[in-house]
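The block underneath contains the structure these notes are about, expressed in structure tokens.
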Amino acid sequence: MRKYVFGTGIISAVTGGITLLRSARAGTFTWRTALAWLSWGISLALAIGSIVDTRRATRGRPIPDDSPVHGKEKKLLRGRVQGER
């Protein structure tokens, strides 16, 4: 589970969220702040989606064609099978 939680996508989303929280305390809420929060939410959703797709691929389940993991399913599944031995 550590390989998923400590992935670069999640780490960057969390640090971006911390930065937004710090700036929210100091300033007023403007349309730029709303866009920053929206962007952070999209980044977090994409990072979580990537984790879900990677987990599905390592378990041999089908993943969508638009996933960044698509095309690497056999490699991920092979790594899981070798790790169980």
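Just so it is clear, none of the values below were taken in a lab; they were calculated from the coordinates. Just so it is clear, the structure is predicted and the values come from calculations on it, not from any experiment. Ideal geometry is used to build each Cβ from the backbone, glycine not excepted, and the neighbour counts take in all protein chains shown.
Structure data summary
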| read-out | value |
| --- | --- |
| Global form of region 1-65, assessed from the alpha-carbon gyration tensor, a/c cut-off 1.5 | oblate |
| Order by protection proxy (mean Cβ within 10 Å, highest first), peptides 53-66, 22-35 | 53-66, 22-35 |
| For L20, L44, L38, order by how many other beta-carbon atoms lie within 10 Å, fewest first | L38, L20, L44 |
